[in-house]
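Student: Okay, handing you the structure first.
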Amino acid sequence: MKRLIFLILIVSGCSPSDQTDDDSTQKDLNEIMLELRVLHTNAGDAIKKSDFENASWLVEELDNTLNKAIKKFDSHRKLSGPFESFYTELLQEPIKKVRLSIEEQNAEEAIVNFRDLTSGCNACHKKHDIKKRAKFD
Ligand code: HEC
């Protein structure tokens, strides 16, 4: 029975010690990654459809979520350095360019730049031996 309760807590995304704490301080890297996946997929779909309005706020949400990871993960057992160093190296520039091409409503550039952003996600995964890949075809 104890084991079942424990499983339910895991599946619902909280461990017993989480319950009294602020959600934002308790999220682990994996949960943030799952959030990134949803935002990245939706932002990519919006860009493919030239839906610049939705693409714009989804990219801002993506960046906000990455910034949460920066604040939270100065170090993490699965990362070889602070999250911020990978963000700066791999994602900062592509995000800037995606933002600009969305502002300019340049569909072709937005696609090229979003592809670079996606490569940035995956470069970090490769560095850390994470098999999962962010996709944008
Ligand atoms: C700083 C390095 C880093 C960056 C940048 C990064 N990731 Fe990750 N990602 C990880 C690590 C580490 C894991 C494994 C987390 C774990 O298993 O606890 C992961 C896991 C994932 C997963 C798998 C989650 C699951 O359990 O199925 C997805 C999806 C993902 N990342 C999406 C993204 C997307 C999309 C981006 C870009 C917007 C991104 N990641 C950027 C390091 C990174």
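Student: Taking every Cα atom in the range 15-137, find the radius of gyration and the maximum pairwise distance Dmax, and write them in Å.
Tutor: 14.9, 48
Student: Follow-up. Determine the gain in length on full extension of the stretch Glu103-Leu29; use 0.36 nm per residue of separation and subtract their C-alpha separation, reporting nm with one decimal.
Tutor: 23.6 nm
Student: Longer than 22 Å from Cα to Cα, which of Lys96/Lys132; Lys72/Lys135; Lys78/Lys131; Lys49/Lys132; Lys96/Lys131; Lys49/Lys72 are they? Say none if no pair is.
Tutor: Lys96/Lys132; Lys72/Lys135; Lys49/Lys132; Lys96/Lys131; Lys49/Lys72
Computed from the coordinates by the stated procedures, all read-outs in this text should not be read as laboratory data. Just so we're clear, the structure is a prediction, and the values are computed from it rather than from any experiment.
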